[in-house]
Structures are given as structure tokens and as C-alpha cells.
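As C-alpha cells, the structure follows; a few thoughts come after it.
What follows draws every value from the coordinates through simple rules; no lab data is involved. Computed from a predicted model, the values in this text were never measured in an experiment. Counting neighbours? That spans all protein chains shown, and the Cβs are built from the backbone with ideal geometry, glycine included.
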Amino acid sequence: MAQVKCEVKGVFVVSNNTATAPVVVLTDDKDRLLPIFIGLWEAVSINSAKNREVLPRPFTHDLFLDLLSKFSITLKCLQIDSIENGVYYADLVLCNASHEEHLDCRPSDGIAVALRGEAPIFVEDAVFESAGSTVQDLSDCVDLSTFLQK
């Protein structure tokens, strides 16, 4: 299984006649896009982390990183390793001394934590192959910040 390092391209909102949904889009070095539909609060958290906004009070993802720090646990990376029936599966990889542990998480939470902790995000190549999109597929997307200002 090959893992591909990814970056967060952005957080967007997709709207059509029946629904409005936030989506985080990951991209790799081949400019492939991986949209992951997420909740609104996770979208706001990811967007604030991507924009390096410092909030007056910590989000849950900030609290999680503070807890890791207090117990000398290092966030190594986020791995998004599969998609089944439209549901993505991910693990936060944590290290303490010589021990490594994989912690199951929702990709949206993992992305928010990884961005805040400046940890790399990896996606299995097979996930890109099965769920990747093109720019044309995401033409109805509006940047989250623009959407919230309306």
C-alpha cells in the first residue's frame, strides 16, 4: 500500500437545489483532488487552522493537542487509509518515547489536529484512485470564508 503526502487545498461549501454541505479538499503532488464531506464545526476548525487564526478560546482540537503535549506524546502524522461505502477511515499516529500508537479518528478531526500540530497528512493511493475528483467536479464549490460572509 502506497501512501501519498497531501496538503489541504481548502475548505469549501457545495450547494445545490437539495442540500448545502461543507467539504475539505486534499491535494497531492500530482494535483489530484480528494473531497471529503464534513460537518460545519469541523469545517470551521480546519479553516481556522489552515489560516493560522489564533482564537481567544481553544477549540476541541487545540485541547487535544495540549493534552498530548502535557503527557509528552508526539503527533507523528494523520493517515487516511480507506473508504468504504462513502465513509473515510483514518488514524492519528502518536508516539511516546519508543512506543507508536494508531488512534482511529474521523478524517475531519484528524485533519484539524494535524494542521494545528503541523503534522503531515498521508492518503493511501487507492483512496485517491477510488474517490478522487477533478477541478470540474468541484465547480459548484464556494470557499467557506466567502460562504459564511453571505
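Observations on the model:
- Listed by chain and number, the lysines whose C-alpha is less than 29 Å from the C-alpha of Lys30, apart from same-chain residues fewer than 8 away, are Lys5, Lys9, Lys50, Lys76.
- Straightening the chain between Glu101 and Asn85 buys 3.1 nm, computed as 0.36 nm per residue apart minus the Cα-Cα spacing.
- Nitroxide proxy distance, nm - points 7 Å out along Cα→Cβ at Thr146 and Lys30: 2.8 nm
- With at most 10 other Cβ atoms within 10 Å, longest stretch of the chain clear of loop GluC sites (Glu not before Pro) (DSSP): 54-117
- Inter-site label distance for Ser130 and Ala21 at 7 Å from Cα along Cβ, in nm: 1.7 nm
- Adding -39500 (n - 2.57) for every DSSP H run of four residues or longer, then dividing by how many residues the chain holds, sets the calculated 222 nm ellipticity at -8500 deg cm²/dmol.
- Taking the fewest neighbouring Cβ atoms within 10 Å as the starting point, the ordered list for Arg106, Arg52 is Arg52, Arg106.
- Residue order, fewest to most beta carbons within 10 Å, for His99, His61: His99, His61
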